[in-house]
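Structure first, commentary second.
Each value in this text was obtained by applying a stated rule to the coordinates, not by laboratory testing. Values in this document were obtained by computation on a predicted structure and should not be read as measured data. Please note: Cβ atoms are built from the backbone with ideal geometry, for glycine as well, and neighbour counts cover all protein chains shown.
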Amino acid sequence: MSDRLKGKNIIVTGASGGIGAEIARQCAECGANLALLARSLDKLQLLKKELETHYAVTIHVYELDVSDTDKVEGVFSKIKSELGPIDVLVNNAGFGVFREAHEANLDEIKGMFNVNVIGLIACTLMVLPEMRARRSGHIINIASQAGKIATPKSSIYSATKHAVLGYTNSLRMESADSNVFVTAINPGPIATNFFEIADEKGTYVKSVQKFMLQPEYVARKVVDAMLTPTREINLPRWMNMGSVIFALFPRLFEGIGKRAFDKK
Ligand SMILES: NC(=O)c1ccc[n+]([C@@H]2O[C@H](COP(=O)([O-])OP(=O)(O)OC[C@H]3O[C@@H](n4cnc5c(N)ncnc54)[C@H](OP(=O)(O)O)[C@@H]3O)[C@@H](O)[C@H]2O)c1
């Protein structure tokens, strides 16, 4: 554990559970001050209590649905007045529903795009101009391996994560001259509550259980990359080979992979 994050101000969206809560724990251990956001204020308050018991850091919690863009500006203004300039924003809030494209309904589709894409962009806009002006800061977007390879039953989720990666890659190039770091995190399946919504029937979880990542491990990779010019993190690394092969031989990949992907 380095001192790099000591006294830094870090925002984590979707911090009430899963990898967001774990990122918060590990940042607090490194001595960072935190603004934790999610819809479940009760869970955030419990986490704040846990972290303040163990570490001498300042933790602020805020109830925010990131897709409610009318409220995003107010919450971020409050964060900045309570915490000060933001060093790192982790755009982690997100969800998926695994369903075939022909079964998807428009409310669900808009919901996923509004949280995973529009919400992420709205939060980014709240810190980006100041980071550029200060010539320092880091935006970390939690995308997914689903942003690199689309598989059956995740057309909408995958489309949102492809959008996140498109946005992130452009933002990184734009931000290079102002010394603002931009990183994409692309994990494969992680053992979190994500699948309670994504995989109602539990079939996907069953077939990927053996190589599910632990949230503590993913969070460690994210925290270790903070305030370093890391382009992208792909986890597990072998899974990224799939996207390399897909880019080179898409037809072959889809043909061979179909049977495995259909297990979803
Ligand atoms: N688990 C995986 O296999 C996996 C793999 C690759 C990428 N990811 C990505 O990793 C991120 C975190 O997922 P996770 O696995 O940690 O899932 P999780 O355990 O379900 O946690 C999701 C977090 O996002 C928050 N959230 C959901 N909708 C929100 C909204 N509208 N506004 C604000 N916060 C919201 C939830 O809090 P509230 O419900 O309290 O709002 C929760 O804190 C997501 O972006 C997900 O797409 C997950």
**Request:** Just flag the trypsin sites (Lys or Arg not before Pro) in the stretch 112-174 sitting in loop per DSSP whose Cβ has no more than 16 other Cβ atoms within 10 Å.
**Result:** ARG135
**Backbone HN-Hα couplings from phi across the stretch 5-15 [Karplus 6.51/-1.76/1.60, Hz, Gly and Pro as x]** = 9, 4, x, 7, 9, 10, 9, 10, 8, x, 9
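What percent antiparallel are the DSSP beta bridges of the chain, to the nearest 5?
In the chain, DSSP labels about 0 percent of beta bridges as antiparallel.
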**Request:** With a/c under 1.5 counting as rounded, go ahead and sort the stretch 196-264 into rounded, prolate or oblate using the C-alpha gyration tensor (a ≥ b ≥ c being the square roots of the eigenvalues; past the cut-off, prolate if a/b is larger than b/c, else oblate).
**Result:** oblate
**Prompt:** So what J values fall out for the stretch 70-78 if you push phi through Karplus, 6.51 cos²θ - 1.76 cosθ + 1.60 with θ = phi - 60°, rounded to Hz, Gly and Pro as x?
**Reply:** 5, 9, 4, 4, x, 5, 5, 4, 4
**Complete:** From fewest to most C-beta neighbours within 10 Å, the residues LYS6, LYS201 line up as LYS201, LYS6
**Request:** Pairs of Cα atoms under 8 Å, at least six residues apart: use those to get the relative contact order of the chain, whole percent.
**Result:** 18
**Message:** Order these by the 10 Å Cβ neighbour count, fewest first: ARG251, ARG231, ARG25, ARG220.
**Reply:** ARG251, ARG231, ARG220, ARG25
**Asked** Name the residues of the stretch 81-117 whose amide N is less than 20 Å from a point 7 angstrom out from the Cα of GLU63 along the C-beta direction?
**Response** 82, 93-94, 115
**Asked** Amide H to amide H under 5 Å from GLY14: which residues, 5+ apart in sequence or cross-chain, H placed 1.01 Å off N in plane?
**Response** LEU37, ALA38, ALA93
**Simple Cβ-charge dipole of the chain, Lys/Arg +1 and Asp/Glu -1, about Cα centre, in debye nearest 20** = 780
**Message:** What number do you get for the stretch 37-150 when its Cα radius of gyration is normalised by 2.2 N^0.38 Å, N = residues?
**Reply:** 1.21
**Complete:** Counting all Cα-Cα pairs in the chain, those more than 30 Å apart amount in percent to 25
**Fill in**
log10 I(q)/I(0) for the stretch 93-183, Debye formula on C-alpha points only (no solvent), q = 0.16, 0.25 Å⁻¹, two decimals, reads -0.64, -1.18
**Surrounding net charge for GLU63, when Lys and Arg each add one and Asp and Glu each subtract one, Cβ distance under 12 Å** = +1
**Column: log10 I(q)/I(0), Debye, Cα scatterers of the stretch 135-202, q = 0.14, 0.24 Å⁻¹** = -0.49, -1.01
